[in-house]
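Report on the structure given below.
Any read-out appearing in this document is the output of simple, stated calculations on the displayed coordinates, not a laboratory observation. Not measured: the values here are computed from a predicted model. Here the Cβ is made from the backbone with ideal geometry for all residues, glycine too, and neighbour counts use every protein chain on show.
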Amino acid sequence: MTRLAALLGLELPLLQAGMGAVAGPALCAEVSLAGAGGTLALYKEAPERAARLVREVAAVAGGRPFGVNVVPEVSGPDRCLAQLRAVLPVLPGNGFVTSFGLPAADAVHAVRAAGRPLVVQVGTPDDADAALALGVSVLVLQGTEAGGHLLGGQPVGSLLAAVRDRHPDAVLAVAGGIATGADLADAVARGADGALAGTVFVPVAESTAHPRFKRRVVEAVAEDTLVTSLFDIGWPDRPHRVLRNSLTTGAERGRAAFIATTRVDDRAYPVPRYSAAAPGATTTGRVEEMAMYCGRSCARVTAAHPAGVTVARIRREYETARALPTGPHPRTPPAPHRTQER
Ligand SMILES: Cc1cc2nc3c(=O)[nH]c(=O)nc-3n(C[C@H](O)[C@H](O)[C@H](O)COP(=O)(O)O)c2cc1C
């Protein structure tokens, strides 16, 4: 039991990242049922639909705690507050809220007034200071190994060391590079109270990522990812780690023509080339040219199981690694891990 697990009521000190186009009600509920912290992505969702999705999770999560994730930088502060006002009344009492980046003061106030723990992800020591000054319950420190948009420029190990040094009593989780229980145990041995992981949950059965996106994550090694600012339509000025594709290797930027369509509740949304939107299960078109967010941890993601099987595997590995006598725990060697997952 770590302070993160105790605070949020989890059996394993692991949060699943809210991920636009990937983390819907089924993934969130399954992760929570397995004892980790499932999280529903609200991204740009309309408030009424967001509330409906939260009710869907609550109906099947068996009373286990789960979270909702907001991205104020993308939704904008007004939509973010509207999302929170819509979901907080229907979020069960043991639910929590996660935010990608610092939320505005009124959003923080709404979460605190509802008595819910607020988990905020940052990428720099200065933003860590600012988040703690806002009174957040848990700080997630994102390193540059992470998949998706990057909040800072430091690898996770040095960021954790710097923030732990400044804030010995803060509840800290790391994000980036976590795909096995040994990775998690290593982070805890280095001073974290737990971790948040995204990439490892992209290929699982309940994820709503497009099948081709899932397959590419399973097949990828760390060098198949890169940090770029290419996919900036809808989310400018924020570098992101994605899988390489014909756009990232192309010599120059092409036309932002529509290349795909994503359906949400029977409405079709055109996707331009260089859009920040990731391909989901309802996306059709030139999926290979879209932003497939993926962290360097993909090297240790080697199969697509149900989420419960993945969480159970991480839990077994974590307990084994924590039971080792001393020192930082060795990372899971890739070869035996591959055998076990298949
Ligand atoms: C496909 C994908 C989509 C993501 N979308 C979101 C999101 O909507 N909200 C959010 O808070 N973080 C999002 N992230 C970032 C995660 O919060 C986290 O920083 C990252 O997944 C950690 O690195 P890892 O992917 O190597 O585990 C996303 C990550 C991935 C891989």
Does the range 211-297 come out rounded, prolate or oblate by the C-alpha gyration tensor, with a ≥ b ≥ c the root eigenvalues, rounded set by a/c under 1.5 and, if not, prolate when a/b is larger than b/c and oblate if not?
-> oblate
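Can you give the FRET efficiency to the nearest 0.05 for Asp169 and Asn94, using r as the Cβ-Cβ distance and R₀ = 25 Å?
Details: r = 23 Å, r/R0 = 0.94.
Working from the Cβ atoms, E equals 0.60.
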Could you check how many percent of all C-alpha pairs in the range 87-241 are farther apart than 18 Å?
-> 62 percent
For the range 219-231, just list the computed ³J(HN,Hα) in residue order, Karplus coefficients 6.51, -1.76 and 1.60, θ = phi - 60°, integers in Hz, with x standing in for Gly and Pro.
-> 7, 6, 10, 3, 6, 7, 9, 8, 9, 9, 10, 5, 8
List the residues of the range 283-306 whose backbone N lies under 11 Å from a point placed 7 Å from the Cα of Val221 along the Cα-to-Cβ direction.
-> 299
How many angstrom lie between the C-alpha centres of the range 50-128 and the range 239-259?
-> 31 Å
Formal net charge of residues neighbouring Leu102 (Cβ-Cβ distance under 12 Å; K, R +1; D, E -1) = -4
How long is the gain from Arg322 to Arg55 if the chain were fully straight, where each residue apart is worth 0.36 nm and the alpha carbon distance is subtracted?
-> 92.5 nm
In a GNM of the chain with a 10 Å cut-off on Cα contacts, which of Ser229, Ser75, Ser158 has the highest mean-square fluctuation?
-> Ser158
Which whole-Hz couplings ³J(HN,Hα) result when phi for each residue of the range 296-311 is put into the Karplus expression 6.51 cos²θ - 1.76 cosθ + 1.60, θ = phi - 60°, listed in order with x for Gly and Pro?
-> 5, 5, 4, 4, 9, 9, 10, 7, 10, 9, x, 4, x, 5, 5, 5
How many nm separate the modelled label positions at Ala257 and Tyr269, each set 7 Å beyond the Cα in the direction of the Cβ?
-> 2.3 nm
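If each residue of separation counts as 0.36 nm, what is the full-extension length gain between Asp78 and Arg112 once their alpha-carbon separation is subtracted? The partial results should precede the final answer.
Numbers: separation 34, 0.36 × 34 = 12.24 nm, distance 1.74 nm.
Contour length minus Cα-Cα distance gives 10.5 nm.
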Inter-site label distance for Ser158 and Asp126 at 7 Å from Cα along Cβ, in nm | 1.7 nm
A student applying the Cα gyration tensor rule (rounded when a/c is under 1.5; otherwise prolate if a/b is larger than b/c, oblate if not) would label the chain rounded
Assuming R0 = 30 Å, can you tell me the calculated FRET efficiency for the pair Arg244 and Ala46, based on Cβ-Cβ distance, to the nearest 0.05?
-> 0.35
Enumerate the amide H contacts of Gly148 below 5 Å, restricted to partners 5 or more residues apart or on another chain; note that Pro and chain-start residues carry no placed amide H.
-> Arg241, Cys294
Listed residues Glu56, Glu252, Glu45, most fluctuating in the chain (Gaussian network, C-alpha, under 10 Å) = Glu252
